[in-house]
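Notes for the one structure printed next.
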Amino acid sequence: MSNIIILGAQWGDEGKGKVVDLLADRFDIVTRYQGGHNAGHTVYIGEKKFVLKLIPSGILRGKQAVIGNGVVIDPGALLEEMDTLAKTGIDVSQHLAISNRAHVIFPFHRMVEKVSEGRADRVAIGTTSRGIGPCYEDKIARRGIRVADLLGPGFAAHFDQLWKDKETFAKAFQIEVTLDYAQVKADYERFAARIAPMVVDAARLLNQAIAGGKRILFEGAQGTLLDVDHGTYPFVTSSSAAAGGACTGSGVAPTKIDGILGVCKAYTTRVGGGPFPTELHDEVGERIRKAGKEFGAVTGRPRRCGWFDVPLMRYTSAVNGFDSLIVTKLDVLDEFETIQVCTGYKVNGKVTDEVPATVSEMETVEPVYETIAGWHGSTRGAVEWEKLPDGAKRYLDYLAEKVGVEIGCVSTGPERNETILIGGSRFSKLID
Ligand code: GDP
Ligand code: IMO
Ligand code: MG
């Protein structure tokens, strides 16, 4: 094996940061390929907690970190994250490469987002307010400013054009622009000078590394159900979080990818708006939230909690072609007498596992549950499959069988070592 994609199989926050940190040691380079600082990847190293937003989690292992062309970069946020890491002794600048083709987020992107999220005639998506969507809008509309443009001689003219565009937008929506043109431009010229030494043709870097026998770990942000194409549109993010995005967002060809690993929780969570068939609005949901400390790593918002959803997992497994699943937060279910698993959706009296395309259909599906006995024991910190309570093993075997993908790794706590790597699995061969 050499090049592996690790990505979220649900609505984000599946524990990708922990898993990437755990496996990064076996790779030479860790690269992000989409999203921006809307991501919050938590890594615990002993007592120390790190929340990586834009910088690939592999940086904590001293690995070469790459921010690919598919990522949107708020340079202010990036430099802040670098400074925070520097305070803990991690010198990012020595290890980070930034794609010259990644698009740049400006303060006016946050202004545009505020307007579209706040409009009375539009349902709010519940975004992270980081300017992610409007920056991708400019990218797709072919008027965005990329890192290479920020650093190039044409920046002033390009900035001026995009600024005028946003002024027109502000006029149309009758909002006052409180941003200062000269200040923003000067800030970005300053940012440009600081990031310049790290800016490269990242696709060239990655492809040369692959040609030289190096191993690349692709770190997904968000999750497949937030993917702009395959997610619960329009309640999605604006990037390609699914496996295909790893290639378009890095410039590495699909023929160079050796394996795809999906990270999912032993239950389901979601932050922000949008349909969620197995969501629990009662004290059981509250119990999961409390036991799993389910509060957003970026915004601190309480995460919505619900049971494991097999149809959704079958769907994301198909879209991504998962070789293996990594199930996290098993320990969170330790105290439950019984656990429910949604095995199908009842639609017009018929049970199906097809995931509907529209929000209105998604909101009316009736989950069909099977009840599984709890395991009356602790899985917290378990590192061996054999040491798991029988009920927990049965639960995991049941999930793998229903989803139709093996479970190759189980996370039993937030720390690196609180993990079971299942021997003889496809997963173990891929990471070997
Ligand atoms: P990411 O965005 O996918 O990297 O996930 P987040 O970091 O946003 O959220 C996952 C949260 O669960 C973090 O606080 C992790 O420290 C924590 N976590 C990860 N794996 C486990 C686990 O197996 N058990 C428990 N209890 N917590 C975990
Ligand atoms: P990680 O990488 C969970 C959600 C937001 C909102 C929607 C659109 O930590 O798993 P955006 O700001 O991206 O335009 O918001 O997507 N969202 C996430 N939810 N984990 C994330 O990242 C997320 N990034 C965005 O809550 O519903
Ligand atoms: Mg997160």
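Data overview
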item: Any hit, region 103-126, residues being surrounded by fewer than 17 Cβ atoms within 10 Å (Cβ to Cβ), in contact (Cβ under 8 Å) with a residue 40 or more places away in the chain and small (Gly, Ala, Ser); result: yes
item: Region 1-33, subset open to solvent by 10 Å² or more (accessible area, probe 1.4 Å) and charged (D, E, K, R), residue farthest from ligand 3 (Cβ to nearest atom); result: ASP28
item: Strands (runs of 3 or more DSSP E) enclosed by region 183-288 - at least 2 residues per element that are among the aliphatic types (A, V, I, L, M); result: 216-219, 259-265
item: Filter pass, ILE45 being more than 16 Å from ligand 3 (Cβ to nearest atom), modelled with pLDDT of 95 or more, among the β-branched types (Val, Ile, Thr) and not assigned by TED's automatic domain parsing to the domain that holds LYS185; result: no
item: Which numbered condition CYS247 misses (of (1) in the same structural domain as PHE50 (by TED's automatic domain parsing); (2) within 16 Å of ligand 1 (Cβ to nearest atom)); result: (2)
item: Pair list, Cβ < 8 Å and 6+ apart or interchain, from region 34-52 residues that are open to solvent by 50 Å² or more (accessible area, probe 1.4 Å) to residues that are within 9 Å of ligand 3 (Cβ to nearest atom); result: LYS49/THR42
item: For ARG101: the one exception among (1) charged (D, E, K, R); (2) under 22 Å from the mean Cα position of the chain (by Cα); (3) part of a helix (DSSP H, G or I); result: (3)
item: Among (1) at pLDDT 95 or above; (2) hydrophobic (A, V, I, L, M, F, W, C); (3) under 24 Å from ARG270 (Cβ atoms); (4) not assigned by TED's automatic domain parsing to the domain that holds TRP11 - the single one VAL123 does not satisfy; result: (1)
item: Among (1) within 16 Å of ligand 2 (Cβ to nearest atom); (2) surrounded by 19 or more Cβ atoms within 10 Å (Cβ to Cβ), the one test that VAL66 misses; result: (1)
item: Output for region 104-156, where each listed residue is among the aliphatic types (A, V, I, L, M) and outside any helix (DSSP H, G or I); result: VAL104, ILE105, ALA120, VAL123, ALA124, ILE125, ALA141, ILE145
item: Residue in region 189-209 that is β-branched (Val, Ile, Thr) and open to solvent by less than 20 Å² (accessible area, probe 1.4 Å) present; result: yes
item: Filtered residues of region 317-335 (kept if more than 14 Å from ligand 1 (Cβ to nearest atom) and either open to solvent by 30 Å² or more (accessible area, probe 1.4 Å) or not in a strand (DSSP E or B) (or both)); result: SER317, ALA318, VAL319, ASN320, GLY321, PHE322, ASP323
item: Residues satisfying the stated conditions in region 127-164, i.e. open to solvent by 50 Å² or more (accessible area, probe 1.4 Å) and either touching a Leu at 6+ places or on another chain (Cβ under 6 Å) or under 22 Å from VAL71 (Cβ atoms) (or both); result: SER129, ARG130, GLU137, LYS139, ILE140, ARG142, ARG143, ARG146, LEU151
item: Flag if GLU176 is under 21 Å from ARG110 (Cα atoms), open to solvent by 50 Å² or more (accessible area, probe 1.4 Å) and not in a helix (DSSP H, G or I); result: yes
item: GLY424, sole failed condition from (1) in a loop (DSSP other than H, G, I, E, B); (2) buried (at least 18 other Cβ atoms within 10 Å of the Cβ); result: (2)
item: Residue that is farthest from ligand 3 (Cβ to nearest atom), among those in region 189-226 that are in contact with a Phe, Trp or Tyr (Cβ under 9 Å, 6 or more places away or on another chain) and over 17 Å from ILE257 (Cβ atoms); result: GLU189
item: Selection count where residues are among the charged types (D, E, K, R) and more than 25 Å from GLU283 (Cβ to Cβ), scope region 312-346; result: 2
item: Of all residues making up region 409-421, the number that are out of contact with any strand residue (DSSP E or B) (no Cβ under 6 Å at 6 or more places or on another chain) and either farther than 18 Å from TYR395 by Cα or open to solvent by 40 Å² or more (accessible area, probe 1.4 Å) (or both); result: 3
item: In region 340-356, residue surrounded by the most Cβ atoms within 10 Å (Cβ to Cβ) [restricted to those that are free of Cβ contacts under 8 Å to residues at least 60 places away in the same chain and aliphatic (A, V, I, L, M)]; result: VAL355
item: Selection count where residues are within 16 Å of ligand 3 (Cβ to nearest atom), farther than 14 Å from GLN10 by Cα and either touching a residue at least 60 places away in the same chain (Cβ under 8 Å) or of a type in the set (D, E, K, R) (or both), scope region 267-304; result: 8
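Listed here are the residues, each with its yes/no results for (1) in contact with a Gly (Cβ under 8 Å, 6 or more places away or on another chain); (2) more than 16 Å from ligand 3 (Cβ to nearest atom); (3) not aromatic (Phe, Trp, Tyr).
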position	(1), (2), (3)
ARG146	no, yes, yes
PHE155	no, yes, no
ALA172	no, yes, yes
THR178	no, yes, yes
TYR181	no, yes, no
VAL184	no, yes, yes
THR232	yes, yes, yes
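The values are calculated or read from the model by the stated rules, or taken from the named source; none is laboratory data. Since the structure is predicted, the reported quantities are computational estimates derived from the model, not experimental observations. Please note: Cβ atoms are built from the backbone with ideal geometry, for glycine as well, and neighbour counts cover all protein chains shown. SASA here: full protein model, heavy atoms, side chains in, ligands and nucleic acids out. Shrake-Rupley method; radii C 1.70, N 1.55, O 1.52, S 1.80 Å.
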